[in-house]
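Encoded as structure tokens, the structure appears first; notes follow it.
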Amino acid sequence: MLVITGTGASQGVAIGPLHFLAFQAAEIRREKAADPEAEAARFEQARLAACTQLDELYRNAVEKVGMENAAIFDIHRMMLEDLDYRESVMDRIRNQGLNAEYAVSLTAEEFSAMFSSMDDEYMKERAADVADISERLQQALNPQAHKALMPKGPSILAALDIRPSEAVQLDKDRILGFATVEGSAFAHTAILARSMLLPAVVGLGAKLDASLDGKPAILDGYSGTLYIDPDDATKVAMQAKLRESLKRREDLRKLKDQPSVTADGTKIEVFANVNHISGLDEAADNAAEGIGLFRSEFLFLESKTYPTEEEQFAVYKKVATFMQGKKVVIRTLDIGADKQADYFHLPDEANPALGLRAIRLCLTRPEVFKTQLRALYRASVFGNIAIMFPMIISVEEVRDIRGITDEVMGELKNEGFAFNADTERGIMIETPAAVMISDELAKMVDFFSIGTNDLTQYTLAIDREHNGLSHFYNPHHPAVMKMIEITVKAAHEAGIWAGICGELGADLTLTETFLRMGVDELSVSPGMILPLKEKIIKTDMRAVMK
């Protein structure tokens with residue numbers, strides 16, 4: 001028996017043969033294009049086909065794993081639209097007389113090398129994206145001779161790494177889980193695995209190689225272990241663990257109707273993060289007590305132009321009505337960084353995560369901002385809507401927001417529209433700056449929601465997607481915990497509530513810590529609602545506070 005240890009990226013147990021993800025690829029040869037213009041047209045046709053594929057991938061991914069996790073496909077589409085990339089390929093076809101396949105291959109090598117040589121870690125990671133889109137172009141140019149060889153029966157998928165575009169298309173009837181040589185538990189693919197409830201172990205290293213293809217295996221996503229040719233004792237133990245895992249899922253379903261109250265009577269709201277209107281059913285099926293984060297930007301990312309007030313109003317009204325009086329926290333537009341919409345015509349930025357995004361974009365595009373606010377306030381009479389503003393760093397921003405929302409309510413009143421003037425206005429605390437002035441901000445809003453993903457990233461100055469830095473990235477870092485505690489204390493001293501809507505909210509090892517801090521609400525992906533509720537119900541704060 002061979003035992004290989006990596007990092008558990010998604011919990012669960014998978015038992016079955018190991019199947020290495022392989023590609024049947026045509027050799028890319030340098031050839032002289034008989035008709036350069038015809039070859040250029042063939043490339044453009046393949047590029048448009050690849051764009052169509054990515055559009056479809058994005059739509060499917062939004063439904064499966066939510067808009068934020070699907071954003072990587074939107075980034076890939078934008079790269080295919082990049083003028084420099086397209087001109088580089090066209091130049092090699094038209095001026096050097098190369099065939100399209102070889103021109104794409106050379107351009108991919110050139111751009112990957114360029115990104116890899118950059119000092120900025122975010123830009124370095126774009127090298128992998130260039131490889132992904134170039135691979136897609138090669139498939140579009142020669143679809144019959146270039147395709148992934150997937151398993152025919154239920155298997156554990158193994159690979160050097162699995163691209164997000166591959167992960168989101170995995171057939172759960174055939175793929176029991178996946179194991180990778182490289183990868184990070186914080187990367188896109190690992191997040192997708194958790195969203196899809198697929199067991200996954202990443203970072204298994206060089207011991208995981210193609211010579212193991214077809215061998216019987218057991219994947220333990222809890223401990224981060226892959227067993228090859230498991231012995232009888234291991235089989236018995238892991239089969240028992242699998243049965244226990246499946247039974248646990250059934251037991252959790254029994255908690256649907258129970259309130260999220262600790263053994264000593266401490267109440268904490270358990271809400272759902274919803275990335276798309278299609279996610280409401282899953283939130284309801286898991287007995288969400290409300291929506292703690294409704295990401296409105298899917299309306300903008302799925303549109304070819306700015307969505308109108310009426311289009312937005314229809315969606316916000318549907319959400320409010322669906323939740324039947326339960327709180328629905330709708331976050332205003334968070335476009336920018338890795339979430340791009342072409343029609344915004346945002347400038348290229350050396351460091352997009354620190355650039356024109358979220359509330360900064362809204363305050364510099366007041367006409368777009370006001371249209372969304374009008375739709376939100378009009379929908380407020382159909383349920384319990386609260387409006388939340390992302391990426392706040394100053395009192396001045398909140399003052400400007402209040403001025404604009406008051407202006408919008410005045411306009412609606414003059415035009416005869418009904419709205420709830422007492423609609424809660426809150427802000428996301430996801431920058432260290434907001435934490436340090438949280439006592440001042442708390443006096444100006446009705447609630448805080450702590451976005452721990454960005455807060456951790458900005459506090460530690462580490463890109464959580466960076467595979468090479470995963471051993472430095474510590475979401476439990478004392479500085480992050482102190483920032484959360486400071487924020488909650490400031491909120492309560494000002495008489496407002498404070499919740500958490502980032503991934504840490506679903507970290508069951510921190511639930512007692514958050515309860516001790518006095519966090520009022522935890523908003524998590526629908527699949528984590530019941531495990532979190534179970535943890536809360538079994539917690540006795542009298543023992544925790546000792």
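The values are calculated or read from the model by the stated rules, or taken from the named source; none is laboratory data. Every value quoted in this text rests on a predicted model; they were computed, and no experiment measured them. Neighbour counts run over all protein chains shown; Cβ positions are idealised from the backbone, glycine included. Accessible surface areas use protein heavy atoms only, side chains included; no ligands, DNA or RNA. Shrake-Rupley method; radii C 1.70, N 1.55, O 1.52, S 1.80 Å.
Mind checking which helices (runs of 4 or more DSSP H) fall wholly inside region 488-546 and carry at least 1 residues that are under 21 Å from the mean Cα position of the chain (by Cα) and surrounded by fewer than 24 Cβ atoms within 10 Å (Cβ to Cβ)?
Working: elements: 511-517, 529-537, 541-544.
In region 488-546, the matching helices (runs of 4 or more DSSP H) lie at 529-537.
Within region 45-62, can you find the residues that are modelled with pLDDT of 85 or more and surrounded by 14 or more Cβ atoms within 10 Å (Cβ to Cβ)? Lay out the reasoning, then the answer.
Applying the first criterion (modelled with pLDDT of 85 or more) to region 45-62 yields 45-52.
Correct list: Ala46, Arg47, Ala49, Ala50, Cys51.
Annotation note: Cβ proximity below 8 Å between a residue of region 278-293 that is in contact (Cβ under 8 Å) with a residue 24 or more places away in the chain and under 15 Å from Leu532 (Cβ atoms) and a residue that is open to solvent by 20 Å² or more (accessible area, probe 1.4 Å) and acidic (Asp, Glu) (sequence gap 6+ or interchain) occurs for Ala287/Asp257; Glu289/Glu269; Gly290/Glu269; Gly292/Glu269. Note on region 230-242: residues that are open to solvent by 70 Å² or more (accessible area, probe 1.4 Å) and either of a type in the set (Val, Ile, Thr) or assigned to a loop (DSSP other than H, G, I, E, B) (or both) amount to 1. Can you name the number of the only condition in (1) in contact with a helix residue (DSSP H, G or I) (Cβ under 6 Å, 6 or more places away or on another chain); (2) open to solvent by less than 10 Å² (accessible area, probe 1.4 Å); (3) closer than 26 Å to Ile529 by Cα that Ile218 fails? If we test Ile218 against (1) in contact with a helix residue (DSSP H, G or I) (Cβ under 6 Å, 6 or more places away or on another chain); (2) open to solvent by less than 10 Å² (accessible area, probe 1.4 Å); (3) closer than 26 Å to Ile529 by Cα, just (3) comes out false. Taken over region 254-280, the residue count meeting the criterion of being surrounded by fewer than 17 Cβ atoms within 10 Å (Cβ to Cβ) and under 30 Å from Phe369 (Cβ atoms) is 1.
Just so you know, in region 426-446 the residues that are in contact with an Asp or Glu (Cβ under 9 Å, 6 or more places away or on another chain) and buried (at least 17 other Cβ atoms within 10 Å of the Cβ) include one that is nearest to Tyr377 (Cα to Cα), and it is Gly426.
Looking at Ser211, Ser223, Ser245, Ser303, just one residue is open to solvent by less than 70 Å² (accessible area, probe 1.4 Å), outside any loop (DSSP other than H, G, I, E, B) and of a type outside the set (Lys, Arg), and that residue is Ser245.
Screening Leu469 on (1) open to solvent by 30 Å² or more (accessible area, probe 1.4 Å); (2) modelled with pLDDT of 95 or more; (3) over 16 Å from Gly426 (Cα atoms) shows it passes everything except condition (2). Sort out which residues of region 281-298 are assigned to a helix (DSSP H, G or I) and surrounded by fewer than 22 Cβ atoms within 10 Å (Cβ to Cβ), and write them in order of number. Result: Asp281, Glu282, Ala284, Asp285.
Tell me, which residue of region 334-347 that is charged (D, E, K, R) and at pLDDT 70 or above is surrounded by the most Cβ atoms within 10 Å (Cβ to Cβ)? Ranking the qualifying residues of region 334-347, first place goes to Asp334.
Beta carbons closer than 8 Å, at least 6 apart along the sequence or on distinct chains, pair a first residue in region 224-239 that is in contact (Cβ under 8 Å) with a residue 60 or more places away in the chain with a second that is polar (S, T, N, Q) for Gly224/Thr5; Gly224/Thr7; Thr225/Thr5; Leu226/Thr5; Tyr227/Thr234.
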